[in-house]
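As structure tokens, the structure follows; a few thoughts come after it.
The values are calculated or read from the model by the stated rules, or taken from the named source; none is laboratory data. Keep in mind that this is a model prediction, so the values were computed, not measured. We place every Cβ from the backbone using ideal geometry, glycine too, and count neighbours over all the protein chains shown. Note: accessible area is taken over every heavy atom of the protein model, side chains too, but ligands, DNA and RNA are not part of it. Shrake-Rupley method; radii C 1.70, N 1.55, O 1.52, S 1.80 Å.
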Amino acid sequence: MRIARFSIDGNVAFGAVEGDGPDGLVLDIIKGIPYAEFELSGTKVPLNKVRLLPPVLPNKVVAIGRNYAEHAAELGNEVPDVPVAFFKPTTSVIGSGDAIEYPSFSDDVHYEGELAVVIGRMCREVPRERVKDVIFGYTCANDVTARDAQKREKQWARAKGFDTSCPLGPWVETDLDPADLALQTTVNGEQRQLGRTSEMIRGIEDLVVHITEAMTLLPGDVILTGTPAGVGPLHVGDEVAVTIEGIGTLTNKVIKRG
């Protein structure tokens, strides 16, 4: 099931995405919240009549760096012995169709298309055999990065945590095997990244186990699983799109911060 979060006439709701094709999609509004048991209301609205919002509002986004060997190599980095984790703040999260605002402190902002894991229940110290039980679903992500700031600052907080640096969407797919999905990033329609989730150095089970050894994850929290090779610069006016097999396409324009 595809679960979207949207606004219409000033109201915010969750809905199940039904249908095929950009003009045939409708949202069946959900009664309640999707992390618990819910019912479909039967009230349906066309997708093109609503504004899509970030599909979740995470308490935290835990991102993993250098989880594809070729991406680590293209930036001159070694594959780490353990997963490299960092945070992106909630204020960095935007939805599909929202604008990425080019930060004033950077001259080298890059796209990084990624598979995002959405947590469905509060969990800590999750054993490997229970990982699937705590996952709500999957969505597309773009770990937008101020590469020059990342290089000159020892901490990545500003480089990867600036406002609008974490696009998520367009919705969460709850029925998906994430083991071997095609991931593509385009800029202005030109392919820049093409990889598969099977190329991850550490899979989703490993990441959930590793992260929850240290911290509690809450419903709606997001894990970014790393990006394949092919990262590169974005400029004001560009349109960047991340497409993941079985999920959909996350699209954002780049604008100058006002």
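Provide the FRET efficiency to the nearest 0.05 for the S104-R152 pair, computing r from the beta carbons and using R0 = 22 Å.
0.90
I'd like to check one number: the per residue accessible area of the chain, probe 1.4 Å, reported in Å² as a whole number.
Result: 45 Å² per residue.
How big is the dipole moment of the chain about its Cα centre under a simple scheme where the beta carbon of each Lys and Arg is +1, that of each Asp and Glu is -1, and everything else is neutral? Debye, nearest 20, please.
The calculation lands at about 760 debye.
Taking just the C-alpha trace of the range 138-200, give me its Rg and Dmax in Å.
So, for the range 138-200, Rg and Dmax equal 14.2, 41 Å respectively.
Volume per residue, Å³, of the convex hull around the alpha-carbon atoms of the range 189-242?
Enclosed volume per residue, from the Cα hull, is 131 Å³.
Determine by what factor the alpha-carbon radius of gyration of the range 4-117 differs from 2.2 N^0.38 Å, reporting the quotient.
Cα Rg divided by the expected 2.2 N^0.38 Å: 1.38.
Roughly what would the spin-label model give for D163 and V26, points 7 Å off Cα along C-beta, in nm?
About 3.8 nm, to one decimal.
Would you please give the FRET efficiency between E129 and R196, computed as 1/(1 + (r/R0)^6) with r the Cβ-Cβ distance and R0 = 25 Å, to the nearest 0.05?
0.50
Can you compute the helix-only [θ] at 222 nm over the chain? Use -39500 (n - 2.57) per DSSP H run of at least 4 residues, normalise by all residues, nearest 500 deg cm²/dmol.
The helix contribution divided over the chain gives -2500 deg cm²/dmol.
Which of the peptides 112-118, 132-138, 251-257, 240-246 is most tightly packed, and how do the rest follow, judged by the mean count of other Cβ atoms within 10 Å per residue?
My ranking of the peptides, most packed first, is 112-118, 240-246, 132-138, 251-257.
Using Cα positions and a limit of under 15 Å, work out the aspartates and glutamates in reach of K60, with same-chain residues fewer than 8 apart set aside.
D143, D163, D221
If I take the Cα coordinates of the range 123-166 and project them onto the principal axes, what are the three extents in Å, biggest first?
Cα extents, longest axis first: 40, 22, 13 Å.
Ignoring ligands, DNA and RNA, what percent of the accessible area of the chain is carbon or sulfur (1.4 Å)?
Result for the chain: 49 percent of the exposed heavy-atom area is carbon or sulfur.
Sort 97-104, 220-227, 58-65 by the packing proxy (mean of other Cβ within 10 Å over each peptide's residues), most packed first.
220-227, 58-65, 97-104
Which entries in the list K160/K256; K160/K253; K132/K154; K88/K132 go over 29 Å, if you measure between the two C-alpha atoms of each?
The answer is K132/K154.
Scattering from the C-alpha atoms of the range 112-239 alone, worked out with Debye: what is log10 I(q)/I(0) at q = 0.16, 0.21 1/Å?
-0.87, -1.34
From the mean inverse distance of alpha carbon pairs (Kirkwood) and the Cα radius of gyration, derive Rg over Rh for the chain.
Ratio of gyration radius to Kirkwood radius: 0.95.
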